[in-house]
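Undergrad: Attaching a single structure in structure tokens format; questions to follow.
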Amino acid sequence: MAASSALTREKIFQIARTLPAAPRVLVGLRELLQDINVGLDEIANLVKRDAALAARIIRVSNSVMYSSGLRIGSIEEAVNRVGFSEVYRLVGFMTGHMLVDRPLKFYNVDTTPLREHMLFTALACEALAEESGYDTRNAYTAGLLRALGMLVLDRVAALLPEMTTYDHGRFGGYPSWEGVVFCLSNTEVAALILTDWRFPPEVVEGVREQYLLQPADYDNRLACLINIAGAVVAEAGHTLPGDRRYWELTPRKLEAAGLTEDQVLQIGIRTRTAFERLRGSIR
């Protein structure tokens, strides 16, 4: 059953407003960190706008990964401990963790696999960007939030009568199913929300074009990096079933991103290590 009459822009934004506010903190933090003179108090005050996020950041900063044994209790101490360069990655990590607060019933994806997928994709995108000379912060953000549209569409599906879960054998990929059911793909929905949340246009368009469905999409370097990150994620076993067909590593993608296959292989190894370290910090 198509949801074209139900899925308006306002409905998308209405559902997006029910998501945790942490992504908005991430937008503000990105803007702050562009100022080389930004102070500790400014960053701490921004993070404290989301009490739940601040509490999680403090908890992670007390984990073995960051702590030398002395426990801290304030967000100022937490930011000072992890450092400005790390705080964005950590806030992003916790943002993804908080966004995925339930399984995606209609995509048939459980909570933990989706959280792990988002984190692994973010780290892979960041590493690929660093290797190719692209903005690592934008790449990390786009990788982290590339599945945002699925979170919203799954909530839309719950409002529709007689909805069934995604059938991979029938549709072969999420965009095909989404086109029939919602008349919009998850990447289009994500782009709408990211624009509304005032993320940079580069991030918005990178997420929108990540599947590289049109020849012109290969001109979008960030979209190519997200797509190649998908291949890294698939190799590590953290891909989502309806995405897998879009992540084939090809010479055209590598050339567009300014990378070699050997570089991607090495990045896959490094990303696994970074993923295990960061994932372990909240266990």
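Undergrad: Just to be sure, is Ala190 more than 21 Å from Cys224 (Cα to Cα) and in contact (Cβ under 8 Å) with a residue 24 or more places away in the chain?
TA: no
Undergrad: Take residues that are buried (at least 19 other Cβ atoms within 10 Å of the Cβ), hydroxyl-bearing (Ser, Thr, Tyr) and at positive phi and tell me which of the helices (runs of 4 or more DSSP H) falling wholly in the stretch 124-176 contain 3 or more.
TA: none
Here, each number is a calculation from the coordinates, and none is a lab measurement. What you are looking at is a predicted structure, and each value in this text was computed from that prediction instead of being measured. Please note: Cβ atoms are built from the backbone with ideal geometry, for glycine as well, and neighbour counts cover all protein chains shown.
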